[in-house]
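The structure appears right after this line, and notes come after that.
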Amino acid sequence: GSEPLAFKTPLFPDDPVERFAVVHSHPLWLVRRWAGRWGIERTESILRAVGNLGDKAWIGFLLTALVLLAFLRSWRTSLITIIAIPLSVVVAFVAMASLGVTLNLVSLAGLVLAIGMIVDNGIVVLEATFQHVEMGKTPRDAALAGVAEMTMPLVASTLTTVVVFVPILLVEGIAGEL
């Protein structure tokens, strides 16, 4: 008689870490890394929280897009800022990973603050550009004039916000680890 076909990767592996990765569609290397550090129970709650955070981020992104469309009244100008949001998040995660920064309460708060500043700064530049277009300039010239006009105020505003939060980075002990 012939043996039944055996699959090299079973649908539900015996190893609880592998099973968790398969059932919840998480990369096995990530689940192994966290499970080795905190155990499978805590890893499950962490990955569930990260998944929940991702869902809420999409809702926030969609609400931001709707608000931009409502206030800017132009899908073309809104699209610029809407594209900047996920792009800035990807760049931020790459920078965080390369610097060894982990996701925690402070890094997430900083990320939310940075995204808000990017959206605000983008809207200010778009508004300045729109004013130059209304003056009769070509879109390219209006964009260059809008950026030139708003660069110093936006740099000053952004640096002020960053400087306010520098003392938080210098906190030591348990409060600094948050």
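The values are calculated or read from the model by the stated rules, or taken from the named source; none is laboratory data. All values derive from a computational prediction rather than experimental measurement. When we count neighbours, we look across all protein chains shown, and the Cβ atoms used for this are built from the backbone with ideal geometry, even at glycine. The area values use the complete protein model at the heavy-atom level, side chains included, leaving out ligands, DNA and RNA. Shrake-Rupley method; radii C 1.70, N 1.55, O 1.52, S 1.80 Å.
What the table shows:
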| read-out | value |
| --- | --- |
| Selection from region 100-136 of residues that are exposed (fewer than 13 other Cβ atoms within 10 Å of the Cβ) and modelled with pLDDT of 85 or more | Glu134, Met135, Gly136 |
| Matching residues in region 137-156 - criterion: being of a type in the set (A, V, I, L, M, F, W, C) and open to solvent by 80 Å² or more (accessible area, probe 1.4 Å) | Leu144, Met152 |
| Conditions (1) in contact (Cβ under 8 Å) with a residue 24 or more places away in the chain; (2) open to solvent by less than 40 Å² (accessible area, probe 1.4 Å); (3) within 28 Å of Val133 (Cβ to Cβ); (4) under 16 Å from the mean Cα position of the chain (by Cα): number failed by Ala65 | (1) |
